[in-house]
1. Just how large is the dipole of the chain about the Cα centre, in debye to the nearest 20, putting +1 at every Lys and Arg Cβ and -1 at every Asp and Glu Cβ?
2. Residue-wise, which Karplus ³J(HN,Hα) couplings in Hz belong to the stretch 116-122, taking 6.51 cos²θ - 1.76 cosθ + 1.60, θ = phi - 60°, and x for glycine or proline?
3. On a 0 to 90° scale, report how tilted helix 26-42 is relative to the longest principal axis of the chain, with both axes built from alpha carbons and the result rounded to the nearest 10.
4. Just name one of Y92, L128, Y65: the one whose Cα is farthest towards the positive end of the charge dipole of the stretch 64-136 (beta-carbon charges, Lys/Arg +1, Asp/Glu -1).
5. Using only the C-alpha atoms of the stretch 1-73, find the volume of their convex hull and express it per residue in Å³.
6. From the phi of every residue in the stretch 100-105, what ³J(HN,Hα) in whole Hz does the Karplus formula 6.51 cos²θ - 1.76 cosθ + 1.60 yield, where θ is phi - 60° and glycine or proline is x?
7. For the pairs K41/K76; K74/K131; K67/K105; K76/K131; K2/K126; K105/K129, flag any whose C-alpha to C-alpha distance is greater than 21 Å.
8. With every protein chain left in place, what is the accessible area per residue of the stretch 21-128 in square angstrom, probe 1.4 Å?
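The values are calculated or read from the model by the stated rules, or taken from the named source; none is laboratory data. Just so it is clear, the model here is predicted, and its values are computed rather than measured. Glycine gets a Cβ as well: all are built from the backbone with ideal geometry, and neighbour counts include every protein chain shown. For accessibility, only protein heavy atoms count, side chains too; no ligands or nucleic acids. Shrake-Rupley method; radii C 1.70, N 1.55, O 1.52, S 1.80 Å.
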Amino acid sequence: MKIESETYITVQFYDLDPMNVVWHGNYIKYLETARCDLLSKIGYDYDNMREDGVAYPVATMELKYIKPCIFQQKLKVVASIEEIEPCLIIKYTIFDAETGEKLFKAKTMQICVNVATKESVYSAPKGLKEKLACCNL
């Protein structure tokens, strides 16, 4: 079973660059919005991580810009959890919400870190494993 979430975003004026397309750095903001939405939907958000004494900083990002997004465009961001151990890997695809055209794709790799010791942890926290037990990840 794939753990997947859809998040809808409307491109705002303040996200544009001088060429009137979304500035490349704002796609990362869209990924963070989708990641937070995905984690919330599975019931394991940043507050739950804090309760487990862990954090998941982004270690690597792969980004592929396919076609620029424009002002007031409705976007559908699909985020899916691919792995939880030894790290959290999430894939993202941004589509035009009305036409279904693929505009952007990405992958993030996040390392679980013990907040108290600042050391990497190579197994997923119990809380996350419990939320995903049904999915065989």
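1. Values: 17 positive and 19 negative charges, 42 e Å.
Its charge dipole is roughly 200 debye.
2. Ordered by residue, 3J(HN,Hα) equals 5, 9, 6, 8, 5, 10, 9 Hz.
3. 50
4. Y65
5. Values: hull volume 9.6 nm³, N = 73.
That works out to 131 Å³ per residue.
6. Rounded to whole hertz, the list is x, 5, 6, 10, 6, 9.
7. On the way: K41/K76 16 Å; K74/K131 30 Å; K67/K105 10 Å; K76/K131 24 Å; K2/K126 19 Å; K105/K129 26 Å.
In this structure, K74/K131; K76/K131; K105/K129 exceed 21 Å between Cα atoms.
8. On the way: 5500 Å² over 108 residues.
Value returned for the stretch 21-128: 51 Å² of accessible area per residue.
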